[in-house]
1. Considering region 45-79 alone, what residues qualify as being among the aliphatic types (A, V, I, L, M) and within 30 Å of V25 (Cα to Cα)?
2. Among the helices (runs of 4 or more DSSP H) confined wholly to the chain, which include 1 or more residues that are touching a Leu at 6+ places or on another chain (Cβ under 8 Å) and either free of Cβ contacts under 8 Å to residues at least 40 places away in the same chain or open to solvent by 60 Å² or more (accessible area, probe 1.4 Å) (or both)?
Amino acid sequence: MLWPFVAQLAANGLWSILFFGLHWVFVALADLVLLWGLILLTISRFARVSSLAAWLLVPYLAWVSFAGYLNAGIGWLNG
């Protein structure tokens, strides 16, 4: 039941390594797409147990969406 939560935590940590550590901007963007899907899956799983827990993840999803926009922009501007 908690595997999507653990997976999204791992994907989140991996993004920092890919983007800041290795400077693999487009691989980091792919990781964000995966992370976005995992957050949606986590929200749907949490909603079965607690609607409050699910709604508390919505700002996180919005933040990851904005980070994806910035990540894509940096990739596009830097080629």
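1. Passing the criteria: A54, L56, L57, V58, L61, A62, V64, A67, L70, A72, I74, L77.
2. By residue number, 3-16, 25-49, 58-78.
The values are calculated or read from the model by the stated rules, or taken from the named source; none is laboratory data. Values in this document were obtained by computation on a predicted structure and should not be read as measured data. We place every Cβ from the backbone using ideal geometry, glycine too, and count neighbours over all the protein chains shown. Remember, those area values only see protein heavy atoms, side chains included, never the ligands or the DNA or RNA. Shrake-Rupley method; radii C 1.70, N 1.55, O 1.52, S 1.80 Å.
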